[in-house]
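For reference, the structure is listed below as structure tokens.
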Amino acid sequence: MGVLNLTPDSFSDGGRYDTLEAALARFGRMVADGADWVDIGGESTRPGAGPVSEAEELRRVLPVIEAAAALHPQVPISIDTTKYAVAEAALRAGARMVNDVSGLRYEPRLADLCARHGAALVVMHSIGTPQTMQADPHYTDVVADVRAFLEAAARRAEAAGVPHILIDPGIGFGKTLAHNLELLRRLPEIAALPWPVLVGASRKRLVGDLTGRTDPTDRLAGTLALHYDALVRGARMLRVHDVKEAADSVSVYVSLHP
């Protein structure tokens, strides 16, 4: 899953694709590099990011979704949003998945919306809001707590009739370095649930903490290592900025783990 941020403030590539021409060029490049999905977002969810109005989020994402769906109908688009109106408009414009970083906490109706449209849904674990999630996160057992949350959210989506559900442990969303590492080490416990696991650690602070790379664009090698290990431990989709390199890594994984 390639990441296409249409935001001025995303932690890694904010402002780089804020015109229709730049966004479509980036979309095409990711398709050529091997993206199976492209995840489009119009509101940054990095720690500390402020909220964006519904109107502004729609202004950012809808033209790109409409144009990209027409240019690349073979590549499904997901909309990275927690807002019902944005998700609904995106699905009508050609998106086929909703990627909800709140795991249905903010807007439970997203499950019914996806069911009506026959769209897939990603439920991700997070706590609080982007403004508060890294303040002082605490868990009794981070893996057990995250697993229970994801199972409950996925069951709710399943009961609503959502045809395809993915679960995401939410690396970096309300977790310390120790929490993130524990989730990745014990990923098989989450992968044992009956829904495919999506992992997104691409260029995140976790990689910087482990490697000392302060610039997110210098974190490719660390990202590839974490994502490959996640595949070995049960992940079935990776959310990435560097599609070509990730696709090569996946090809090696598939050859070694047929």
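The values are calculated or read from the model by the stated rules, or taken from the named source; none is laboratory data. This is a predicted model, so every value here is computed, not measured. Cβ: placed from backbone, ideal geometry, glycine included. Neighbour counts: every protein chain shown.
The table for this structure:
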item	result
Hey, ALA201 among the aliphatic types (A, V, I, L, M), within 14 Å of the chain's Cα centre (by Cα) and either more than 20 Å from ASN5 (Cα to Cα) or outside any helix (DSSP H, G or I) (or both) or not	yes
Options SER102, SER44, SER53; residue that is farther than 27 Å from ARG236 by Cα and either without any contact (Cβ under 8 Å) to a residue 60 or more places away in the chain or touching a Pro at 6+ places or on another chain (Cβ under 9 Å) (or both)	SER53
Pairs with Cβ under 9 Å, 6+ apart, first in the range 203-225 and of a type in the set (Gly, Ala, Ser) and at pLDDT 95 or above, second buried (at least 19 other Cβ atoms within 10 Å of the Cβ) and not in a helix (DSSP H, G or I)	GLY208/ARG219; GLY222/ALA201; GLY222/ARG203
The listed residue being touching a Leu at 6+ places or on another chain (Cβ under 9 Å) and crowded, with 21+ Cβ neighbours inside 10 Å, out of LEU187, LEU206	LEU206
Within the range 185-198, considering residues that are within 16 Å of the chain's Cα centre (by Cα) and part of a loop (DSSP other than H, G, I, E, B), the one nearest to ASP242 (Cα to Cα)	PRO196
